[in-house]
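Novice: A single structure is presented below for examination.
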Amino acid sequence: SLYVVVTIDIDGTSVNGSFTFSTVKYAKQLLDMNAVTETEKNLAKDMLAYVRSAYAYFNDGEEVAEINAILGDYESDTVINTSDAKLDVDGLSGATFVLGARPAIRFYLSGEYTVDKFSFKVGTRALSANEANLGSDADGNYIEFTLYAYEMTEVFSYEIADTEISGEYNLVAYYEGTLDMNDAALTDVVTKFYNYCDSAKAYKVAVTAK
């Protein structure tokens, strides 16, 4: 829910009012209205599914329960198929996802090739140099991309100029890695993050198609 304070100026006199706006309650109202078309109702459901998975990822169980009461099993959690894993990081020392409020994908440089030699794509979209953040940590120097959630389940690929080297990596490969580590807590977070990104993608597709 959003808490909004509105100030209205009427002939030089300011009048204040506070309002609470809830995306969940708004969507429920749409679903209960006979005048709303089925297409619009499905869009509202896709929006709620997206909001639900976001709340699950950010650990707001109360909001998740409220949306579950409305949606039931509509667009419930995706089953992650590990056969879709893409893990080929030739020319790099590694790759990983950084989860949190601003999730990112991070590619670690091996030191053999400089940053300017790399070109990256997410899905079929070329990533620009302006989208890249350079940094370093205990694991070495890296190139990092922070993107919208709906792109984070796509395959990230790269090529290294003046070589025949290319590679690819995706969130499914990261998820599979957590299974190999037997880290149940991390697997749970990655699963919630995957569902968050997957439902964001579904909502974007629904909005685009409307």
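Novice: Which strands (runs of 3 or more DSSP E) sit wholly inside the stretch 72-148 and have at least 1 residues that are over 19 Å from SER166 (Cα atoms)? Show your work before the answer.
Specialist: On the way: elements: 92-98, 104-109, 118-122, 125-127, 132-137, 140-145.
Correct list: 92-98, 104-109, 132-137, 140-145.
Novice: While we're looking at this one, here's another question. Taking interchain pairs and intrachain pairs at least six residues apart, which have beta carbon atoms under 6 angstrom, with the first residue in the stretch 39-56 and under 13 Å from ASN68 (Cα atoms) and open to solvent by 40 Å² or more (accessible area, probe 1.4 Å) and the second part of a helix (DSSP H, G or I) and of a type outside the set (A, V, I, L, M, F, W, C)?
Specialist: Pairs that qualify, where the first residue is under 13 Å from ASN68 (Cα atoms) and open to solvent by 40 Å² or more (accessible area, probe 1.4 Å) and the partner is part of a helix (DSSP H, G or I) and of a type outside the set (A, V, I, L, M, F, W, C), are TYR50/SER199; TYR50/TYR203; TYR55/GLU63.
Novice: Sticking with this one: Could you look through the stretch 11-20, keep only residues that are open to solvent by 90 Å² or more (accessible area, probe 1.4 Å) and modelled with pLDDT of 65 or more, and pick out the one that is nearest to ASN195 (Cα to Cα)? Walk me through it before giving the result.
Specialist: Keep residues of the stretch 11-20 that are open to solvent by 90 Å² or more (accessible area, probe 1.4 Å), which gives 11, 16, 19-20.
With the extra rule that they be modelled with pLDDT of 65 or more, the set shrinks to 11, 16, 20.
Working: ASP11: 50, ASN16: 40, THR20: 28 Å.
If we take residues in the stretch 11-20 being open to solvent by 90 Å² or more (accessible area, probe 1.4 Å) and modelled with pLDDT of 65 or more, then THR20 is nearest to ASN195 (Cα to Cα).
Novice: Can you pull out the residues in the stretch 59-74 that are among the aliphatic types (A, V, I, L, M) and within 16 Å of ASP46 (Cα to Cα)?
Specialist: Just the residues of the stretch 59-74 that are among the aliphatic types (A, V, I, L, M), to begin with: 64-65, 67, 69-71.
Correct list: VAL64, ILE67, ALA69, ILE70, LEU71.
Novice: Every residue in the stretch 160-210 that is closer than 19 Å to LEU127 by Cα and either part of a helix (DSSP H, G or I) or modelled with pLDDT under 90 (or both), please.
Specialist: LEU171, CYS197, LYS201
Novice: What's the total number of residues in the stretch 175-210 that are touching a residue at least 12 places away in the same chain (Cβ under 8 Å), within 20 Å of ALA104 (Cβ to Cβ) and of a type outside the set (Gly, Ala, Ser)?
Specialist: Of the residues in the stretch 175-210, 16 are touching a residue at least 12 places away in the same chain (Cβ under 8 Å), within 20 Å of ALA104 (Cβ to Cβ) and of a type outside the set (Gly, Ala, Ser).
Novice: Go through the stretch 155-202 and count every residue that is open to solvent by less than 60 Å² (accessible area, probe 1.4 Å) and within 10 Å of the chain's Cα centre (by Cα).
Specialist: Qualifying residue count, the stretch 155-202: 8.
The values are calculated or read from the model by the stated rules, or taken from the named source; none is laboratory data. Keep in mind the model is a prediction, meaning the values are calculated, not measured. Quick reminder, even Gly has a Cβ in these numbers, built from the backbone with ideal geometry, and neighbours come from all protein chains shown. Protein only, heavy atoms only, side chains kept; ligands, DNA and RNA dropped before computing areas. Shrake-Rupley method; radii C 1.70, N 1.55, O 1.52, S 1.80 Å.
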